[in-house]
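Here's the structure, in structure tokens; my notes come after.
The values are calculated or read from the model by the stated rules, or taken from the named source; none is laboratory data. Everything numeric here is computed off the predicted structure, so don't read it as measured data. Positions of Cβ are backbone-derived with ideal geometry, glycine not excepted, and every protein chain shown enters the neighbour counts. Quick note on the areas: whole protein, heavy atoms, side chains included, nothing else; ligands and nucleic acids left out. Shrake-Rupley method; radii C 1.70, N 1.55, O 1.52, S 1.80 Å.
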Amino acid sequence: LDLMSNPETMELARKRIAIIEHIRDSLRAKGFSEVETPMMQPIYGGAAAKPFITHHNALGIDLYLRISPELYLKRLLVGGMEKVFEINRNFRNEGIDSKHNPEFTMLELYQAYGDYNVMREITEELITTAVQRHCGGLKVSYDGVEIDFTRPWRQATYEELVKEYAGISMRDSSAVRKKADELGIEQAGKADAVILNEIFEQLIEPHLVQPTFVFDYPVELCPLTRPKVDDPALAERFELYIACMEIANAYTELNDPAIQEANFSQQLAGEQTGETMRVMDEDFITALRHGMPPAGGLGIGIDRLIMVLTGRTTIRDVILFPMLRPEAKKT
């Protein structure tokens with residue numbers, strides 16, 4: 001009914017379709033192949049999130065709606081497909097707010113023999129050309145602020161931003177925990193890196209209004225990412241922030257099966273917190289043992305990107321059928 005009666009809603013829906021088609025066309029022009037990976041998975045992984053669980057009657061097994069297609073897309077790299085992407089639906093059994101919907105759309109791509117610097121270039125080009133084509137220029141108004149997409153975008157390291165806005169060294173455990181105390185962050189049972197990231201979310205993210213690439217995260221936060229050669233405490237990962245929201249996440253992918261297996265084992269130890277997988281993905285480790293080429297990987301949150309490019313401050317406005325809370329029953 002909203003589509004029927006509100007031309008603005010219809011125009012927004014059409015703009016979303018056009019932006020997604022622009023992304024598809026751009027990636028195909030770069031030699032990427034669009035693929036499909038399973039939405040129902042026997043083992044969930046590729047992200048830290050709680051899955052939806054379903055049951056297959058004929059096989060008598062539980063399956064999980066995917067929280068990420070990452071481990072399947074990487075299998076395709078092992079198989080010899082060097083540039084792949086999927087514009088996919090992911091499902092995470094978590095909260096609903098202005099930036100989160102339990103079912104959401106992601107672009108995820110992988111390029112053999114690339115790294116996170118190549119992923120940065122792809123990200124900047126994809127979004128900038130979409131802004132130029134569909135927003136009438138390189139400046140967009142969002143929540144009363146002008147977002148300027150003129151290239152190059154700001155680049156800063158995670159460590160630099162923690163120092164700038166939190167006033168501490170991220171490598172100083174006592175300073176990190178003292179700052180967490182000041183902010184009222186619960187610390188029991190949490191690793192230093194997890195506490196540090198909560199500080200980052202509170203103190204740094206609100207300052208990341210203009211497009212900003214945040215590089216080189218603590219390696220403990222990045223179990224699927226290659227550590228930096230010159231500083232193994234850091235991982236070759238960036239996140240792109242626009243309008244104080246994480247829009248994209250990219251890695252230089254970890255392709256060492258021994259290190260990957262060790263990282264998965266550490267994740268399994270934290271399962272009681274509800275943050276990770278339930279069993280080791282032996283099939284993925286086996287694939288890595290057969291040899292995955294060095295690669296870069298990128299995920300872009302399509303819904304949040306559409307929010308920014310259309311000036312919408314709630315994710316519900318850019319999804320045709322968002323999840324809604326049920327109406328209270330009348331008594």
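Of all the listed residues (129, 150), the sole one being β-branched (Val, Ile, Thr) and either at pLDDT below 95 or assigned to a loop (DSSP other than H, G, I, E, B) (or both) is 150. When you check residue 212 against the structure, is it out of contact with any helix residue (DSSP H, G or I) (no Cβ under 9 Å at 6 or more places or on another chain), open to solvent by less than 50 Å² (accessible area, probe 1.4 Å), of a type in the set (Val, Ile, Thr) and at pLDDT 95 or above, yes or no? Spelling it out, it is not the case that residue 212 is out of contact with any helix residue (DSSP H, G or I) (no Cβ under 9 Å at 6 or more places or on another chain), open to solvent by less than 50 Å² (accessible area, probe 1.4 Å), of a type in the set (Val, Ile, Thr) and at pLDDT 95 or above.
Residue-wise test of (1) of a type in the set (D, E, K, R); (2) crowded, with 22+ Cβ neighbours inside 10 Å; (3) under 28 Å from residue 82 (Cα atoms).
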| residue | (1), (2), (3) |
| --- | --- |
| 203 | no, no, no |
| 221 | no, no, yes |
| 237 | yes, yes, yes |
| 293 | no, no, yes |
| 310 | no, no, no |
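I need the full set of residues from the range 239-258 which are of a type in the set (Gly, Ala, Ser) and open to solvent by less than 40 Å² (accessible area, probe 1.4 Å), in order please. 243, 248, 250, listed by residue number. Listed conditions (1) open to solvent by 30 Å² or more (accessible area, probe 1.4 Å); (2) at pLDDT 95 or above are all met by residue 2, apart from (2). Considering only residues in the range 31-66 that are modelled with pLDDT under 95 and among the hydrophobic types (A, V, I, L, M, F, W, C), the one that is most open to solvent (accessible area, probe 1.4 Å) turns out to be 48.
One residue stands out in the range 158-175 among those that are farther than 22 Å from residue 208 by Cβ and of a type in the set (S, T, N, Q): the one that is most open to solvent (accessible area, probe 1.4 Å), namely 174. For the range 220-237, the criterion of being among the hydrophobic types (A, V, I, L, M, F, W, C), more than 18 Å from residue 69 (Cα to Cα), modelled with pLDDT under 95 and within 18 Å of the chain's Cα centre (by Cα) is met by at least one residue. Inside the range 182-200, residues that are assigned to a loop (DSSP other than H, G, I, E, B), at pLDDT 95 or above and crowded, with 16+ Cβ neighbours inside 10 Å make up a count of 1.
Within the range 23-36, residues that are more than 19 Å from residue 121 (Cα to Cα) have Cβ atoms under 8 Å from residues that are open to solvent by 50 Å² or more (accessible area, probe 1.4 Å) and of a type in the set (D, E, K, R) in these pairs: 34/28, counting only partners at least 6 apart in sequence or on another chain.
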